[in-house]
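A short write-up of the structure that comes next.
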Amino acid sequence: MMNPSSKINVASSIIPISSPFSMPSRVMLGTATNTQIITSLVVLLVTIAIIAKISIKIYSSAILNNGSKMNLKDIVKILSHWGRT
């Protein structure tokens, strides 16, 4: 964080896990370009959409499961079938 224009800070401002923390500081310091800001927002929104779709699929399958508890193997099986449809 001491050098907001370093390659590590630029990368962390685009990676979805760390971008909500590092991009605002880069914007306030004026080191982030408009392209970097837009790229960071687009990557973050796409990641949120993908995680939401996966979570919704797992949750709805778990709610509709009337049998035994679901384990990790069942979740992977559901997700593998979801990719084919």
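Residue count for segment 18-32 under the criterion of being loosely packed, with under 13 Cβ neighbours inside 10 Å and in contact with a helix residue (DSSP H, G or I) (Cβ under 9 Å, 6 or more places away or on another chain): the result is 2. Within segment 6-39, being in a helix (DSSP H, G or I) and either in contact with a strand residue (DSSP E or B) (Cβ under 8 Å, 6 or more places away or on another chain) or closer than 27 Å to Leu79 by Cβ (or both) holds for Ser19, Pro20.
Taking first residues from segment 59-85 that are part of a loop (DSSP other than H, G, I, E, B) and surrounded by 10 or more Cβ atoms within 10 Å (Cβ to Cβ) and partners that are modelled with pLDDT under 75 and not hydroxyl-bearing (Ser, Thr, Tyr), the Cβ contacts under 6 Å between residues at least 6 apart in sequence or on separate chains come to Met70/Ala62.
The values are calculated or read from the model by the stated rules, or taken from the named source; none is laboratory data. Predicted model only: the values in this text are computed from it and were never measured. Neighbour counts are summed over all protein chains in view; Cβ atoms, including those assigned to glycine, are modelled from backbone coordinates with ideal geometry.
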